[in-house]
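Asks: Please find one structure pasted underneath; my questions will follow.
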Amino acid sequence: MHVNAPAPTEEEIRSVVTPLASLEGPLLPMLHALQDVYGYVPQECVPVLAEVLNLGRAEIHGVISFYHDFRAHPTGRHVLKICRAEACQSMGANALAESTLQKLGIGWHDTTANGAVTVEPVYCLGMCACAPAAMVDGRVVGRLDDARMDRILAEVGA
């Protein structure tokens, strides 16, 4: 689901989360399932989850906002995560990130005007020996420089 998609209905949300209600500790699997379906966890899910799990809305919101991988807003068709950890910083990741954001004309957590790419910071991809690193739609890429980043941006239609 992308930026201009309509919000899910309560019935649609229930169809995603109800099969998971019997799990022990079902909230995280439910949130992952919702994000898998919608690309983010729509605000409309909070009251449904609270009712299904007999939890407060604040508790549901707290879990969503605590974990960095849950998104509260739609993303672009592609997600580019640029590593911000120390090893990558020491190899030029800050300059690469700023250059990338400037080329795209957006800031962190923003999506390009054409809806192609959302850029997010990530704090270690485990590619320290191949820094600087990024992740594009779940694919990790190491030893980045401006030229390689330009090729990635072209691939995703930025």
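Asks: Using a simple charge model, +1 on the beta-carbon of Lys and Arg, -1 on the beta-carbon of Asp and Glu, nothing else, what dipole does the range 1-53 show about its Cα centre, in debye to the nearest 20?
Replies: 100
Asks: With a 1.4 Å probe and every protein chain kept in, tell me what percent of the accessible surface of the chain is carbon plus sulfur.
Replies: Within the chain, the accessible surface is 53 percent carbon and sulfur.
Asks: At 1.4 Å probe size, what's the solvent-accessible area of residue 22? Round to the nearest 10 Å².
Replies: Counting only protein heavy atoms, residue 22 exposes about 110 Å² to solvent.
Asks: Dipole magnitude of the range 21-90 about its Cα centre, charges +1 at Lys/Arg Cβ and -1 at Asp/Glu Cβ only, in debye to the nearest 20?
Replies: Magnitude of the dipole: close to 320 debye.
Asks: While we're here: Restricting attention to the chain, give the cysteines that have no other cysteine Cβ less than 4.7 angstrom from their Cβ.
Replies: 45, 124, 128, 130
Asks: For residue 78, enumerate residues with amide H under 5 Å from its amide H, sequence gap 5+ or separate chain, H modeled in the peptide plane.
Replies: Those qualifying (amide H under 5 Å, at least 5 residues apart or on another chain) are 117, 118.
Asks: When only the heavy atoms of the protein chains count and the probe is 1.4 Å, how do 13, 106 rank by accessible area, highest first? Please report the intermediate quantities before stating the final value.
Replies: Working: 13 0, 106 30 Å².
Largest to smallest exposure gives the sequence 106, 13.
The values are calculated or read from the model by the stated rules, or taken from the named source; none is laboratory data. Bear in mind the structure is a predicted one, so any value in this text is a computation, not a measurement. Using ideal geometry, Cβ is built from the backbone for each residue, glycine included, and neighbour counts are taken over all protein chains shown. The accessibility values were calculated without ligands, DNA or RNA, using every heavy atom of the protein model including side chains. Shrake-Rupley method; radii C 1.70, N 1.55, O 1.52, S 1.80 Å.
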